[in-house]
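Step one of this worksheet: look at the structure below.
The values are calculated or read from the model by the stated rules, or taken from the named source; none is laboratory data. If you're wondering where the values come from, they're calculated on a predicted model, not measured in any experiment. As a convention, Cβ positions derive from the backbone with ideal geometry for all residues, glycine included, and neighbour counts pool all protein chains shown.
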Amino acid sequence: MAAEHQVEEPRALQRAGRPAPAWWSHPGGPEAQCGPIFGGSAGPGDGGPACRDENGGQDAKRRSRRGTCHDDAAAFRRRPRPAPALGSPRGLLVIAFVVLVASLLGGGLGVAIEGAAEGGRLTLHQSSGATNEPAGRTAQVLHAVLPGVVYLQVDAGGQRSTGTGILLDANGHILTNNHVVAPEGTVGTVTVTFSTGQRHPAAIIGRDAGSDLAVLRVSGVSGLTPATFGDSDNVQVGEPVMAIGAPYGLRGTVTSGIVSAVDRPIVSGSLDSPAGHSYLDALQTDAPINPGNSGGPLLDASGTVIGINTVIRSSDPDSSDPYGSDSTSGSIGLGFAIPIDQATQVAAQLIGSGRSTPPNIGVTLDRGFDGGAKVTEVRAHGSKLRVGDVITAADGVAVTDADDLIALIRGRKPTGTTVLTVLRDGASLRIQAKLSSGPTDTTSTQA
């Protein structure tokens, strides 16, 4: 294996629980005392010139943003999320806030999902399609959604922090961020507060620093209402979204915005950080996300979860506050969420074995190379990639360095494929690479 170059941590995202580089922070935050929450039911380019493939032929148009679609791992069975309700207004430039929220967030209440986790397997059952609802039904959507959102208090190393989580199933499994439950890499004691105000202790089932996800479980609690899950692979830029969380401890806070971008490769933390190094193929949103929103849902207009709110960009270029909770930090309209397809895939692995094995294409990359992801070793048998290849795009999304490619690959399905744009000997090629799921050294540049 070729030697890897050690470089300074990119000025990207701030890892919770430790000083971090400029402007980025996890939206976790200090504890604030709040009363019970309202509502809820009972229970706690592909731009650029055409490229030839490795055989000299013209590459076929890819079938989806994330490559060829395959049936997900047996852990999840889902259907594509329903299309937005007809008549949802778009392109409005100036409109009163109430009308804007009512019209954009109106529409069909999403499909119902029941969850069951048995024998280490999490199965999500989804009904067939949504019904059209008149505009102005935001309150009804939230009434159905809020019982599936929980709020976390974490005591670790003498410090207390807060975050948010999502009920995966009626058996008490909860999905949240790893940096919420293990700030500074130290696992904390977690207390869950439900939308009714009831509080219960939670056990950590598994956590994965590489994806910044963790699964908890509360036992002996009945009447739980799981969240409804959408299909993040079909999310479109410009569609309306809502975020729910506990910014600065204010549980049950709802904010709204739009999807600003998709397939945004984000790297959080550093290789030597005790809290770990995370690669996110993120959804970007301008919905206000603040300290305490970490682990909470990003919802589409019908109330289905399309992402897990994880990281924000802070306005303070010199901030070392791990939660962005000082007076100069907080939302500036740049928030990032883990797509729910990736999140539920990791959750199923954590419930089944307590650990996650991310998708990979079986190569090692040169961390010190700019202008693409340079291959230094090919580990996968039968791979069409070669040592020295420079990967400049994955499924049409530009790749500027090794971290970009790793983040994009981690967001794909482990049984699918990805179309790579590769520079080899001065020529541009299109190569279809098979994705597999297996042990990957998250402290190196393996993809």
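Here's the yes/no breakdown for (1) out of contact with any Pro (no Cβ under 8 Å at 6 or more places or on another chain); (2) of a type in the set (Lys, Arg); (3) more than 30 Å from Leu168 (Cβ to Cβ):
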| residue | (1), (2), (3) |
| --- | --- |
| Thr357 | no, no, no |
| Arg367 | yes, yes, yes |
| Ala398 | yes, no, yes |
| Arg424 | yes, yes, yes |
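What residue, of Ser331, Ser320, Ser353, is surrounded by fewer than 24 Cβ atoms within 10 Å (Cβ to Cβ), farther than 30 Å from Asp389 by Cβ, modelled with pLDDT of 85 or more and under 24 Å from the mean Cα position of the chain (by Cα)? Quick ask: steps written out before the conclusion?
Numbers: Ser331 fails: modelled with pLDDT of 85 or more; Ser320 fails: modelled with pLDDT of 85 or more.
Testing whether each residue is surrounded by fewer than 24 Cβ atoms within 10 Å (Cβ to Cβ), farther than 30 Å from Asp389 by Cβ, modelled with pLDDT of 85 or more and under 24 Å from the mean Cα position of the chain (by Cα) leaves just Ser353.
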Legend entry - Flag if Asp286 is in contact with a Ser or Thr (Cβ under 8 Å, 6 or more places away or on another chain), at pLDDT below 90 and not hydroxyl-bearing (Ser, Thr, Tyr): no
Inset, instruction - Evaluate the following for Gly269: is it touching a His at 6+ places or on another chain (Cβ under 8 Å), in the same structural domain as Pro414 (by TED's automatic domain parsing) and modelled with pLDDT under 90? - result: no
Inset, instruction - Working only within the range 234-260, note down all residues that are of a type in the set (S, T, N, Q) and part of a loop (DSSP other than H, G, I, E, B). - result: Gln236
Legend entry - Search result, residues across the range 198-209 that are buried (at least 22 other Cβ atoms within 10 Å of the Cβ) and outside any strand (DSSP E or B): Ala209
Inset, instruction - Give the number of residues within the range 238-251 that are among the small types (Gly, Ala, Ser) and buried (at least 20 other Cβ atoms within 10 Å of the Cβ). - result: 3
